[in-house]
1. I'm checking my understanding of the structure. Among residues of segment 357-405 that are without any contact (Cβ under 8 Å) to a residue 12 or more places away in the chain and of a type in the set (Gly, Ala, Ser), which one is nearest to Leu339 (Cα to Cα)?
2. When you scan segment 276-335 for helices (runs of 4 or more DSSP H) that lie fully inside it, which ones turn up with 3 or more residues that are under 18 Å from the mean Cα position of the chain (by Cα) and aliphatic (A, V, I, L, M)?
3. Looking at segment 136-161, which of the residues that are in a helix (DSSP H, G or I) and either of a type in the set (Ser, Thr, Tyr) or in contact with a Lys or Arg (Cβ under 8 Å, 6 or more places away or on another chain) (or both) is nearest to Lys28 (Cα to Cα)?
4. Just name the residue that is modelled with the highest pLDDT out of those in segment 202-256 that are of a type in the set (Asp, Glu) and more than 19 Å from Val4 (Cα to Cα).
5. Could we say that Ser231 is within 12 Å of the chain's Cα centre (by Cα) and either charged (D, E, K, R) or outside the structural domain of Val144 (by TED's automatic domain parsing) (or both) here?
6. Would you confirm whether or not segment 96-115 contains a residue that is modelled with pLDDT under 90, in the same structural domain as Val164 (by TED's automatic domain parsing) and assigned to a loop (DSSP other than H, G, I, E, B)?
7. Can you name every residue in segment 287-328 that is closer than 26 Å to Lys97 by Cβ and among the basic types (Lys, Arg)?
8. Scanning for something in a helix (DSSP H, G or I) and either farther than 19 Å from Phe166 by Cβ or charged (D, E, K, R) (or both), does segment 51-60 turn up at least one residue?
Amino acid sequence: MAMVFSSIIFIFGFLPVFLAIYYVLPGKYKNFFTLLASYLFYAWGALNFLWFLIGLTVINYFLGRVLGSARYGGGGGGKKVLIFGVALEILALGYFKYANFFVDQLNGFREYFFEFDFDPLVWQHVVLPLGISFFTFHGISYLVDVYKKHTPVEKNFVNFALYVSFFPQLIAGPIIRYHEIAEQVKKREHSFDKFFDGVFLFCCGLAMKVLLANQIAQIPKVLDTVNNDGSAVLWLTYLCYTFQIYYDFAGYSKMAIGLGKMIGFEMPMNFNRPYLSVTVAEFWRRWHISLMNFFREYVYFPLGGSRVTLWKVCRNILIVFLLSGFWHGASWTFILWGLYFGIWLVFERLFEEKFLSKIPRVLRRIFTFIIVYFGWVIFSSDSLWVFMSRLIQMFKFNFSDLNMFSLVTGKEWFFFAVAVVIAFFPEIYLIKRLERLVMVKGVLAVLFLIYASSQLAAGGFNPFIYFRF
């Protein structure tokens, strides 16, 4: 069982012990200790794969050294080394994340066409290493950036290993390019103001996860206790999921950034109020920003980006979002989800100037939210069959189950309403002013921590949604 940020053992055990030792140690030992703490953090939930994480880190470190020599020293062969390194990362990700899927699809294909002479492949299912989707992308970005001279070669193994395995972003991002924190890894500022801001961000993220995402998730659980043929429950269930996944993942990202800040690291934000978007393209500039930056830099631009003919731009968009969907998981629903958003982005690309830009912003915001909402219907479905059956049920518009909403408690409705208000209403000037006051931030952080901790103590294990990706 992974050690999650929103757990009693992490908040009152791992984190205070780590911070106490970190700030007592001399500066030259801080990175080494943080690396050891990161490996302990990973081993807590995935001890069997710690060797894999370390082994891949060692390989990437030496490949980076070779790449640096080949490119800067004029030894040649840099491109071959790059291809080998990237292929190794993709093969590792492909084996652990997609081998089960392809074997299942092959068995299904053979069963369908050769049902009278069907001998399924014997296959022991592969266990997915925790965080593999993120630390392999860190490896790819580092090798490519060294090859392209976007980042210097890191000769200190501890510094490089810390970049790959830094526990705040190891399990679920953000995906950071090495040049964004290279100087901070070597030398960073520690101050009370930065530490305090980090604590405040962490507590805000904790509140988003425990007080909003977890409370919203209770509504579908309550409604699911009664079988019915109505549509209202399904509409509300997916509306809850729309807000749950946002506050769950954005909360994790805010906690990760806060943790980094506590020890001097400045990491880029990963969410920027995505449900305020007026286009699907804007939504993807605001949602999981680091992932979209990765695909734009290492897939979209190499394919030609927007500097090619219109139909090739549309092709590039579809490729990026098909890959993005498949990155999220080995399932046809994730592929459909990526294709769904790719098609909407192509539509916007074709009709933005002639038609869409003339629609009032309020209507465009509503329309974009509806598109995103149905995207989450696809995303959360276990199979294409489940998605289709639920979609049909939703559009029967049989609201005979509205009376079931009375099963939801007042507390759950309250947090749901708070989540909606925070997601849709722009930040008020007064709130921005209040956030500048240290006392206000301190009081809010304490209140968030106390109430969230009380909820955690009463509950059980509550992993983040993106841990399974």
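1. Ser389
2. Output list reads 289-295, 310-328.
3. Among those residues, the one meeting the criterion is Asn159.
4. Asp224
5. Considered against the rule, which asks whether it is within 12 Å of the chain's Cα centre (by Cα) and either charged (D, E, K, R) or outside the structural domain of Val144 (by TED's automatic domain parsing) (or both), Ser231 comes out as no.
6. Yes, segment 96-115 contains at least one residue that is modelled with pLDDT under 90, in the same structural domain as Val164 (by TED's automatic domain parsing) and assigned to a loop (DSSP other than H, G, I, E, B).
7. Result: Arg296, Arg315.
8. no
The values are calculated or read from the model by the stated rules, or taken from the named source; none is laboratory data. For clarity, every value in this text was computed on a predicted model and none was experimentally measured. Heads up, the Cβs are rebuilt from the backbone with ideal geometry, glycines too, and the neighbour counts pull from every protein chain shown.
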